[in-house]
Structure formats: structure tokens, C-alpha cells
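Novice: Have a look at this one before I ask anything.
The values are calculated or read from the model by the stated rules, or taken from the named source; none is laboratory data. All values derive from a computational prediction rather than experimental measurement. Backbone-built Cβ (ideal geometry, glycine too); neighbour counts: all protein chains shown. These accessible areas exclude ligands, DNA and RNA; they are computed on the full protein's heavy atoms, side chains included. Shrake-Rupley method; radii C 1.70, N 1.55, O 1.52, S 1.80 Å.
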2 protein chains.
Amino acid sequence: MPVKAVFFDIDNTLYDSATLSKMARRNSVLAMIDSGLDQPMETVLGDLDQIIEKHGSNYRWHYDELLKLYGMCDAKIIASGVVAYEHTKNAYLKPLAGVVPTLIELKKYYLIGAISNGLTLKQWEKLVGLRLHHFFDSVVTSEGCGCEKPASEIFLAALTDLDVKPGDAVMVGDKYDVDIKGAQNVGMHALWLRKEAPKNSNEINRFSDLIKVLKGLE
Amino acid sequence: MPVKAVFFDIDNTLYDSATLSKMARRNSVLAMIDSGLDQPMETVLGDLDQIIEKHGSNYRWHYDELLKLYGMCDAKIIASGVVAYEHTKNAYLKPLAGVVPTLIELKKYYLIGAISNGLTLKQWEKLVGLRLHHFFDSVVTSEGCGCEKPASEIFLAALTDLDVKPGDAVMVGDKYDVDIKGAQNVGMHALWLRKEAPKNSNEINRFSDLIKVLKGLE
């Protein structure tokens, strides 16, 4: 039973989106305070987290909502937050260690896909920013599919896109309930990329262990 | 008759927006071709110029419209164009030579304002990206004012914002009909920043000549 395709989650699997978000929010708040927002940093960070929680990360008016909380409307402060967020994002949007050499090696033997909850253009922008876009034969997003992981439909749509059977495909992701269980539910192999030391044969904590583990599956 | 305030145009006055746009469009087209857009570069550049001409530079769907011309709809190609444009923009968004030391010197004696045709948030984002935002006591945009330069209203709104009489203020810009005549129509002084050698006393071609010329006005 040869593996034919390897599918990846994007956020926190190909790059460290948790650190990116944390540092980008922190720097955007520092920049807004520098531009005249007279509030304690921890207060603003907490309020911003709540607004992003409420409206989702792709909402366009986070900073407008934030300033409204303080009875303000100031384009200089909003622009300072937006620019600091973008600059920090660009600084942290780098592939995790091992991603590039591993994809180069995997690409010799397997089709490569992404299965991601998010907006199609935004997820592609991340892959382009990471300079990983040329590796991917398929990118299926929840926006394009109309349903989110762990729903079976999104995994099946990705398999169909590359014309691969579930048992011939592997899903790699960081979220157990979303990526791993979702893939296993449709009969795919799944590898859990986690920060802790791996306990089971379908867990890895270094991206570069992928090649070794994939050989074991065959 | 002491000068109290100096107002600046933003695009092509504080930074070289013409080169920025040209190089950002060029790199976005190269990136789209790299991602699979199978069209000659000159064709795509010409088509993109026409779309931007038609919809304005703040339209959000330039690349979608562009691909439609070729019967395509491909998020990978659009994302490649968007990311290349943003990266190139950040590389070219630098103050023109002389801007920073001149503003530091001017700030000792004058209020500093901007009068700009454009969207308020976008123009502030440019000032923040240029790291010039802290110099400005006032930024008046056509979006905020409801009319564009050379209409007198936008110049009068900027003067009101800093509580300065027309005769005590100077406008600096690169467009004769828009910045210079517009300012003169309301009784402001005006200095024309142009690439060619200056012919008249109210023309400069180096930003740093501003201080010398302003002293002459007093």
C-alpha cells in the first residue's frame, strides 16, 4: 500500500503562526501606544484578543473596534497598528526548521497538498510569503470547500483534487481533534506534529522526522 | 509676515511613489508569471495599468480583474501578485533624500501638515511606513474633506485644522496644477518640488532647499 500523497495543515504546522500572532499583536499595540493611545499595554492586548476572538482573525476592522472601546477614532493610531502588524508578520512568516529540505525530499516521491481552515486567498498568501507555494499540487480551504476540518467533506475534497484514495494519503497537522481525527475518520493515515516528545508511532515533533515515518508506513 | 505652518503633499513629495508603483507592479507581474500566468510580461503590465487606471489605485480586486481577462481564476497566482506587490512596496517606501533632516529642522519653527488626495487610513499608513507620522500636526485627506486638491475647500480645511491664516502657510508639492495653483488660489505660499532645475523662486528640486527658501519668505 504505497503512500501517494502527503497533505499538510498550514498554520502552526508549516510555520509558527502562534508566535507570529502573539508578536504581531504585541508590536501593533506598542505602535498604537507610541502614536498616542493612552492605555496600559496589557489592557489593550486583552481587549484586542477579545475582539479578534469575537470577530475572527480575518475581520478587517479590529483596530477601529478597539479604539471605539476607548471612545476614540484616530487614523494615525489605526495606521500605526496596521503597519506594525504587517511588518511583524513579514518578519515571522518563515517556514519551521526542517520544512524546506523535507518538502524537497518528499516532492521526489509524493504529491503534496494542503488542507486548511481559512480564506483561500489568505492561505495562498501565507504559502507565497513562506515561499512554499511551488511545492503544493493542491490547496483545499474551508472557504473553497464550504466546510471546516474536522468535517470529512474537506478531506475527501482534497483527496479527489489529487485523485488519491484515503488509504494512500497521509495528513500532517498540529491539532489532534481537527487534523488527526478528521483525517482518520475518512481512512487517511495521519501524523500528529506536536511540541511534546512523541509517544506513539503516528506522532512526530520534528518536521524532518516525516521522511523516516513515511517510509515506515509503506 | 511670519510663516507658521508648512503643508506637504505626500505621494511623490515625501517619497518616490512613481518608482514604488512601477517596481511593485513589475514585481507582481513577474511573480504571477512565476506562479503560472502564461502571458508575456509586457501584455500583463499593460493590462494591469489599464485596470488600475480604470478602478483607481485603492480598488481591491485588480488581480481578479486581470486574470478574468485571460479567462482565469487562480488564488495561487493572485496571492503571488499581492505578496510581491506588498514586499516591493515595503522595500521602496522610504523618505526621499533630505526629507528627515529637513523635517527635524522645520519642526523647530513651524507646524507641519499634510494635504493629500487619497483615503485617510491609506495615507496615514504611508506616513507610518515612512516613519514620518510623528512629525505631522495635521493630515487632511480628500476622503476626510469630501473634495480633492486643487479644490480650495481642502486647503482651507487644513488651514483651519492648524488655526493658521493662508498667508502664514506654505504648501509644498510636486504637481503644479493640483498643489501649487490650488494653494495659491486660497492665498497660501507654494513651493513647487520638481525634478528639473528650478527656474523661479518658488521652485525647488531638492527637499533640503526648503529651509533656505522658507527663510526668504519671512
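Novice: Sort out for me the Cα centre separation of segment A:33-74 from segment B:162-201, rounded to whole Å.
Specialist: 38
Novice: Moving on to the next point. Excluding A:Lys122 itself, calculate the net charge of residues whose Cβ lies under 14 Å from the Cβ of A:Lys122, where each Lys or Arg counts +1 and each Asp or Glu counts -1.
Specialist: Working: positive: A:Arg60, A:Lys89, A:Lys126, B:Arg60, B:Lys76; negative: A:Asp11, A:Glu86, A:Glu125, A:Glu143, B:Glu86.
Net charge in that neighbourhood comes out at 0.
Novice: If R0 is 22 Å, what FRET efficiency do you get for A:Arg60 and B:Ser57 from their C-beta distance, rounded to 0.05?
Specialist: With a Förster radius of 22 Å, E is 0.75.
Novice: Roughly how many Å² of A:Leu162 are accessible to a 1.4 Å probe, to the nearest 10?
Specialist: For A:Leu162, the solvent-accessible surface is approximately 20 Å².
Novice: Still on this structure, I have one more. Work out the FRET efficiency for A:Asn205 and B:Gln50 from their Cβ-Cβ distance, taking R0 = 41 Å, and round it to the nearest 0.05.
Specialist: E(calc), rounded to 0.05, equals 0.20.
Novice: What's the local net charge at B:Ala75, with K and R +1, D and E -1, over the other residues with C-beta under 11 Å away? It would help to have the intermediate numbers written out before the result.
Specialist: On the way: positive: A:Lys122, B:Lys76; negative: A:Glu125, A:Glu143, B:Asp64, B:Asp74.
Around B:Ala75, the surrounding residues sum to -2.
Novice: At a cut-off of 40 Å², which residues of segment B:52-83 become less accessible once all protein chains are present than in their chain alone, using a 1.4 Å probe?
Specialist: Residues shielded by partner chains are B:Arg60, B:Ala75, B:Lys76, B:Ala79, B:Val83.
Novice: Moving on to the next point. What quantity of accessible surface, computed with a 1.4 Å probe and excluding non-protein components, is buried in total between chains A and B, in Å² to the nearest 100?
Specialist: 1900
Novice: Same structure, new question: Expressed as a rounded percentage, what relative contact order does segment A:61-218 have, with Cα pairs under 8 Å and six or more residues apart?
Specialist: 16
Novice: For every other residue with a beta carbon closer than 12 angstrom to the beta carbon of A:Thr102, add +1 if it is Lys or Arg and -1 if Asp or Glu, then tell me the sum.
Specialist: +2
Novice: Related question: B:Lys165: which lysines have alpha carbons under 16 Å from its alpha carbon, excluding same-chain residues fewer than 8 sequence positions away?
Specialist: By straight Cα distance, B:Lys165 reaches B:Lys4.
Novice: What translational D, rounded to a whole number of µm²/s, comes out for segment B:125-164 from Stokes-Einstein when the hydrodynamic radius is the Kirkwood one over Cα pairs, at 25 °C and 0.890 mPa s? Let's see the in-between values first.
Specialist: Working: Rh = 11.0 Å.
So the translational diffusion coefficient is about 224 µm²/s.
Novice: Take each uninterrupted DSSP H stretch in chain B, measure its Cα extent along the helix axis, and return the ones at 30 Å or beyond whose mean Kyte-Doolittle hydropathy is at least 0.5.
Specialist: The qualifying helices: there are none.
Novice: Between B:Ile78, B:Ile180, B:Ile115, where does the largest GNM mean-square fluctuation fall for chain B, given springs only between Cα atoms within less than 10 Å?
Specialist: Looking only at B:Ile78, B:Ile180, B:Ile115, the largest GNM fluctuation is found for B:Ile78.
Novice: In terms of the Cα gyration tensor, with a ≥ b ≥ c the square roots of its eigenvalues, is chain B rounded because a/c is under 1.5, prolate because a/b exceeds b/c, or oblate?
Specialist: Prolate, because a/c is 1.5 or more and a/b exceeds b/c.
Novice: Please give me, ordered by residue number, the trypsin sites (Lys or Arg not before Pro) of segment A:1-108 that lie in loop per DSSP and have at most 10 other Cβ atoms within 10 Å. Mind showing how you got there, number by number?
Specialist: Numbers: sites: A:Lys4, A:Lys22, A:Arg25, A:Arg26, A:Lys54, A:Arg60, A:Lys68, A:Lys76, A:Lys89, A:Lys107, A:Lys108; in loops: A:Lys4, A:Arg60, A:Lys107, A:Lys108.
When the trypsin sites (Lys or Arg not before Pro) of segment A:1-108 are filtered for loop state and at most 10 Cβ neighbours within 10 Å, A:Arg60, A:Lys108 remain.
Novice: Right, here's the next one. Pick out, in residue order, every one of the trypsin sites (Lys or Arg not before Pro) in segment A:137-218 that is DSSP loop and has at most 13 other C-beta atoms within 10 Å; say none if there are none. Don't jump to the answer; show the numbers that get you there.
Specialist: Values: sites: A:Lys175, A:Lys181, A:Arg194, A:Lys195, A:Lys199, A:Arg206, A:Lys212, A:Lys215; in loops: A:Lys175, A:Arg194, A:Lys195, A:Lys199, A:Arg206.
Sparse-neighbourhood loop trypsin sites (Lys or Arg not before Pro): A:Lys195, A:Lys199, A:Arg206.
Novice: Then there is this: Which of the chymotrypsin sites (Phe, Trp or Tyr not before Pro) across segment A:17-104 are loop residues per DSSP, with 14 or fewer other Cβ within 10 Å?
Specialist: The qualifying sites are A:Tyr59, A:Trp61.
Novice: Here's a follow-up. Search the structure for amide H atoms under 5 Å from the amide H of B:Ala114, placed 1.01 Å from N in the peptide plane, and list their residues when 5 or more places away or on another chain.
Specialist: B:Phe8, B:Ser138, B:Val139, B:Val140
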